[in-house]
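Notes follow the structure.
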Amino acid sequence: MKYDAVVVGAGFAGMYMLHRLRKLGFSVRVLEAGGGVGGTWYWNRYPGARCDVQSLDYSYSFDEDLQQEWEWSEKYATQPEILRYANHVADRFDLRRDIQFDTRVESARFVQSTNTWQIENDGGDVLSCQFYIMASGCLSVPKAIGIPNHEAFKGSAYHTANWPPEGVDFTGQRVAVIGTGSSAIQTMPIVAKQAAELTVFQRTPAFSLPAFNRALSTEEVADRKAVYTEHREKARYSLFGIPDTDMAHGAFDVSDEERDAAYERAWQTGTLNDILTSFNDLLVNQQANDTAAEFVRNKIRSIVKNPDTAEILCPKHFPFGTKRACLDTGYYEMFNAPHVRLVDLRQTPLVSVTAAGIKTSSTEYDFDSIIFATGFDAMTGAIVSVDIRGAGGLPLKDKWSAGPRTYLGLCIAGFPNLFTVTGPGSPSVLTNMMTSIEQHVDWIAECMTFMRDEGHAVIEASEQAETAWVEHVNEVADATLFPVANSWYMGANVPGKPRVFMPYIGGFGAYHEKCDEVAGNTYDGFQFSGAVAKAEQPASAG
Ligand code: N01
């Protein structure tokens, strides 16, 4: 079959890409490994899974009727509610007829003689298309567990990113959780309510902030809906894809009391970024950052009653905000329960999983269930999981062997007509993903329309533009504290992965303007080639 575009992934990026292109008259096929839409929200069904961006922001803005009619029930939506929303969107815009579920893309090759991509899936089908669009998510491939013997465990083992849809009842069980990132921190307080014993294996403590989740009132929903258009527009030119707060001062421009009062106000809002954006130097000045980090550590010490446990939970290994902070409901409080214990893997390293449980350098523990919350091969994992070969058969894996290289996080030199939605080199995971997804999808759709109107068959980023962009991404990152941390932003959580800061930290608004400027300047930094006869242009498919 021949399509104008093949899109990989039916999460929020792939769904909007399909809708936008179809409306423009392009023929599109979406290939999705899961059995339904929703991407990350389809797979991550662990108890307690919620979005850490507020529901009234974490939703599409492209259709005024959609954003007016959908009713979010809580400040932070649960995974089931977000999945219902994804399904509602799929129904409302009749998306399913162009999505092929339970289909994993294996390889994609650019054929220069025909200027087409040949996409092969795990069913052995080969699809041909002009444009190949990876909308495969930034946190969609779990990293290899990498713990010796992990398959030897005779009890039940789970991974937060591939949770059984029917759910799990841990009542009366001895449960272990490995990892203390966002997934673990969300799920543990719920599992602790069921389990007879919960043992937390922590290698690096995270900074976690209280979500203060609650039901949304009718009034606040109505108030937001009354100003949704202006609110979304502010988000489009903000730092993180949600309207900015005032950041006029540095942390040492105010007295100690004023600084602590600002952090306390930010703590009470129950949001991910408010402490980080209390002052304008927290991500660039270690001393300034220390004030925020110590504020959060003191909160941990005030919540956790056992001072030794509190100290083990206090993050001291990286600056605040340089690994993504977590939002929790009752995480630190959970350690005050007598049936919850904390194992510090820095003191007693994990040796292996055993048939009965987990062995550290000091103790062997027995469990009924182990939950692995060990994270993802972030940002590049899903892209290189497909064997992508560009012009001349160049494998993308080889091109990216020293780290990802893109122009604007949208295109890759040597890989004509390939687009990556929220790819490395774009703000993506540092922002509200919905804002980033819509901006990328709109840019790609407008670029494809431009090419159709002008009769261009092929677009490719120039090596020069790509190199300049990669240097800029690195330069901006190097001016911050981000590269200090062993984070998944740096690829540092996956053994052997190149250590490169992958997202763009120059601010979403500035990035958005740069993308618009490039397009407005006849796609500066791109080369067009080939020609499409007017007669071959597709008629509107509605
Ligand atoms: O994964 P993580 P995650 N032995 O990589 C530990 C998004 N998300 O799934 O730091 C022992 O953050 C590892 O320890 P260390 C969000 O962007 C969003 O929790 O490598 N421990 C770490 O503690 C988030 O940032 C939402 O020393 C091992 C943990 O496992 C991102 O997804 C919800 C280990 C992994 O933490 C990833 O979150 C959930 C080993 N061999 C996720 N290997 C919301 O929207 C790993 N660890 C709310």
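The values are calculated or read from the model by the stated rules, or taken from the named source; none is laboratory data. Quick caveat: nothing in here was measured; it's all calculated off a predicted structure. Quick reminder, even Gly has a Cβ in these numbers, built from the backbone with ideal geometry, and neighbours come from all protein chains shown. We work out accessible area using only protein heavy atoms, side chains counted, and drop any ligands, DNA or RNA first. Shrake-Rupley method; radii C 1.70, N 1.55, O 1.52, S 1.80 Å.
Observations
- Check on Met490, under 30 Å from Val89 (Cβ atoms) and within 16 Å of the ligand (Cβ to nearest atom): no
- Pro148 meets the conditions (1) open to solvent by 30 Å² or more (accessible area, probe 1.4 Å); (2) under 25 Å from Thr40 (Cβ atoms); (3) at pLDDT 95 or above; (4) within 10 Å of the ligand (Cβ to nearest atom) in every case but one. The failed one is (2).
- Residue within segment 471-481 that is within 16 Å of the ligand (Cβ to nearest atom), in a loop (DSSP other than H, G, I, E, B) and either of a type in the set (Asp, Glu) or under 11 Å from Thr322 (Cβ atoms) (or both) present: no
- For Tyr46, the conditions (1) more than 16 Å from the ligand (Cβ to nearest atom); (2) farther than 26 Å from Val221 by Cβ are fulfilled apart from (1).
- Strands (runs of 3 or more DSSP E) contained entirely in segment 151-256, each with at least 3 residues that are closer than 26 Å to Tyr42 by Cβ and either within 16 Å of the ligand (Cβ to nearest atom) or of a type in the set (Val, Ile, Thr) (or both): 156-159, 174-178
- Single match in Phe482, Phe528 (criterion: among the aromatic types (Phe, Trp, Tyr), at pLDDT 95 or above and surrounded by fewer than 19 Cβ atoms within 10 Å (Cβ to Cβ)): Phe528
- For the residues Ala161, Ala211, Ala222, Ala135, the requirement of being free of Cβ contacts under 8 Å to residues at least 12 places away in the same chain and either out of contact with any Cys (no Cβ under 9 Å at 6 or more places or on another chain) or more than 30 Å from Gly496 (Cα to Cα) (or both) singles out Ala222.
- Enumerated helices (runs of 4 or more DSSP H) restricted to segment 36-139, each holding at least 1 residues that are surrounded by 19 or more Cβ atoms within 10 Å (Cβ to Cβ) and touching a helix residue (DSSP H, G or I) at 6+ places or on another chain (Cβ under 7 Å): 40-43, 79-92
- Lone unmet requirement of (1) within 15 Å of the ligand (Cβ to nearest atom); (2) on the phi > 0 side of the Ramachandran plot for Thr360: (2)
- Breaking point among (1) open to solvent by less than 30 Å² (accessible area, probe 1.4 Å); (2) touching a strand residue (DSSP E or B) at 6+ places or on another chain (Cβ under 8 Å), for Thr322: (2)
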